[in-house]
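The structure appears right after this line, and notes come after that.
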Amino acid sequence: GNHLDYIELLANDGHMERITRPEETIELPPGEYRLQQVRLKGGYTCNNMGVSGYDWVTVAADKPATLKVGAPLIPTVKVQREGRILRLSYELRGVGGEIYTGGDRSKPPTFAVYKGQTQIASGQFEFG
């Protein structure tokens, strides 16, 4: 991915590897690693501590491993119907599927609902 400020990886032996200003290619000791935290330039963060949904990446001495994280970020909205109410949920996902939160909470994401060409509702998402 792009625009990475730092990445924290948890090794399967329990120690953490923090890579500040990672380049496209980094070197790690052989072992298994799982993404713990990512911070992007601009303040977007992904914190996966305690989340087991992210796969372990195996780093071997003889071949490269790939971990996809970072930009470009993809905004997604999930819509669920509850009777006459539509519940909208917003997520900001990175290239590896990781979920980011924004650094500037003074400007929450906004939305608009259209029926054909006519706007029938609008608002902004709440954090949390």
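The values are calculated or read from the model by the stated rules, or taken from the named source; none is laboratory data. These numbers were taken from a predicted model, which means no experiment stands behind them. Note: ideal-geometry Cβ built from the backbone for every residue, glycine included; neighbour counts use all protein chains shown. When the accessible area is computed, the model is the full protein with side chains, heavy atoms only, and any ligands, DNA or RNA have been set aside. Shrake-Rupley method; radii C 1.70, N 1.55, O 1.52, S 1.80 Å.
Observations on the structure shown:
- Solvent-accessible area, 1.4 Å probe, carbon plus sulfur percent, for the chain: 48
- The fraction of all Cα pairs in the stretch 74-128 landing in successive 10 Å bins from 0 to the largest distance is 19, 49, 27, 6, given as whole percents.
- Of the trypsin sites (Lys or Arg not before Pro) in the stretch 1-91, those whose Cβ has at most 16 other Cβ within 10 Å and which sit in DSSP loop: K41, K68, R84
- Among the chymotrypsin sites (Phe, Trp or Tyr not before Pro) found in the stretch 22-128, those both in a DSSP coil and sparsely packed, with 15 or fewer other Cβ atoms within 10 Å of their Cβ, are W56, F125, F127.
- Dipole orientation for the chain: of the candidates G31, A61, Y6, Y6 has the Cα lying most toward the positive pole (charges on Cβ; Lys, Arg +1; Asp, Glu -1).
- About the Cα centre, charge dipole magnitude for the chain (Lys/Arg +1, Asp/Glu -1 at Cβ), debye: 860
- Residues considered: E91, E27, E82. Largest GNM mean-square fluctuation over the chain, using C-alpha springs under 10 Å, is found at E82.
- GNM result for the chain, Cα springs below 10 Å: residue of A71, A112, A61 fluctuating most strongly: A112
- Taking the alpha carbon gyration tensor of the chain, multiplying each eigenvalue by 5 and rooting it gives semi-axes of 36, 15, 13 Å, largest first.
- Accessible surface for S106 stands near 90 Å², nearest 10, in the context of the full protein assembly shown (1.4 Å probe).
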